[in-house]
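What follows is one structure encoded as structure tokens, with my remarks underneath.
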Amino acid sequence: MNANIRQYQQRDQNELMAAWEAANSLAHSFLDNDFVAQVRRDIPAVYLPNADTWVAEIDQCVVGFIALMGHQVGALFLQPEHHGKGIGKALMDKAQTLHGYLEVEVFKANAIGRKFYASYGFKLQEQKCDQKPEEALAELAGHPVLRLKFSASQ
């Protein structure tokens, strides 16, 4: 199934949030409800205005997205029914074309994300546990986070 990859536009927000909601519930069931509620508020207010976000669209419907901050993948979420169809890879390919090497932080407990990143070729750089509150949002949840790196020349 071929998806059209294009830059995020404000009109995509509801579909983007629906993709996040569905995928987040599946991959991050271990997260605290208050934490998830805060992320839900922060995506449109903080992250989308400050990230280079690309959406995957099928039949003019947004089914997933990737948000980039330079070489850092801040988010990659797809509607669960579109997992395993090459759409996540297409979004990551776009990011890799734009930025070359990529880095991402993924919760250690996120088996879905870890499997995807490993299959794409990301390699473990470090595991973080006891993080300071001012650091990345993933660490604020109090769950171990893995920092991964991808480079075409690995």
## Note on the structure
Cα-based Rg then Dmax for the chain, in Å, read 14.6, 44
#### Entry: 15 Å beta-carbon shell around Ala19, net charge (K/R +1, D/E -1)
-2
#### Entry: Relative contact order computed over the chain (Cα-Cα under 8 Å; 6+ residues apart), in percent
22 percent
## Note on the structure
For Ile58 and Ser119, extending 7 Å from Cα along the Cα-Cβ vector and measuring point to point gives, in nm, a value of 1.4 nm
### Task
On the protein heavy atoms, probe 1.4 angstrom, tell me the percent of accessible surface of the chain carried by carbon and sulfur.
50 percent
### Message
How much accessible area per residue does the chain have, counting only protein heavy atoms and a probe of 1.4 Å, in square angstrom?
### Response
53 Å²
### Query
For the residue pair Leu98 and Asp34, what label-to-label distance in nm results when each label sits 7 Å from Cα along the Cα-to-beta-carbon direction?
3.4 nm
### Pairwise FRET efficiency - Ser153 versus Val46, Cβ, R0 = 41 Å, nearest 0.05
0.80
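The values are calculated or read from the model by the stated rules, or taken from the named source; none is laboratory data. Since this is a predicted model, take the numbers as computed values, not measurements. No Cβ is skipped: glycine too gets one built from the backbone with ideal geometry, and neighbour counts run over all protein chains shown. Side chains are part of the model used for accessible areas, which takes the heavy atoms of the whole protein and leaves out ligands, DNA and RNA. Shrake-Rupley method; radii C 1.70, N 1.55, O 1.52, S 1.80 Å.
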